1. Roughly how big is the stretch 33-170's charge dipole about its Cα centre, with Cβ charges of +1 (Lys, Arg) and -1 (Asp, Glu), in debye to the nearest 20?
2. For V140, V116, what's the fewest-to-most ordering of other Cβ within 10 Å of each Cβ?
3. Over the Cα atoms of the stretch 81-174, Rg to Rh with Kirkwood Rh, two decimal places?
4. For the cross-link pairs K31/K145; K44/K145; K44/K124; K47/K145; K47/K120; K58/K145, which exceed 27 Å when the distance is taken from alpha carbon to alpha carbon?
5. Could you list M62, M110 in order of exposure, starting from the residue whose Cβ has the fewest other Cβ atoms within 10 Å?
6. Do you know the relative contact order of the stretch 33-170, to the nearest whole percent, from alpha carbon pairs under 8 angstrom that are 6+ apart?
Amino acid sequence: MKRFLLILSLSTSIIGCGELWKLVPIEPGSKPVISDYFAPQNVKPGKGWKIFLKAEDKDGDMKDIVATIAPASRSLVTYSFASIREEEGGSLAGYLFIKTPSSPSLQNEMFHLTIVIRDKTERKSNSVGFLLNFTSEKDVEVPQKWLEASNNRLGIIFTDYFNDYVRELESPRE
């Protein structure tokens, strides 16, 4: 009888602990956060466009930067990915670079760029958006707070999309 009570008591304790374990919240990890950003809105056709970002991820597993770009007046979107260096997986500050075509057809055309950072478990950061207007205005100087970040290129956003867009603008219409 004592054995039975002992087994019953131990079983109840073990089952009870198992049920208590389910009540303890499990931290699923953290997602990346883009904490600050900057990009000039106006760029001359043919000039490079720098997009500055500061981001962090508490569990240090940021994997890549996803950029989507589209004309402001259309829904056609193209994607570009820039890998994040392992040593910057927890915190980064730097810029992305886009080389733009030198076509005068881009004058007064406007595009929308959206940036998201993903981590190794596919969690996404907050998204940030930028407008790019092709204009003949003079280049904007990098603000003082971004000077240090201007020494760290995070990656390139490939611009085949801009070239295709220019070809479409410049091709004769039937």
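Rule-based calculations on the coordinates, nothing more; no lab input. What you see is a predicted model, and the numbers here were worked out from it, not measured in a lab. Counting neighbours? That spans all protein chains shown, and the Cβs are built from the backbone with ideal geometry, glycine included.
1. 180 debye
2. V140, V116
3. On the Cα set of the stretch 81-174, Rg over Rh gives 1.03.
4. Long pairs (Cα-Cα over 27 Å): K44/K124; K47/K120.
5. M110, M62
6. 32 percent
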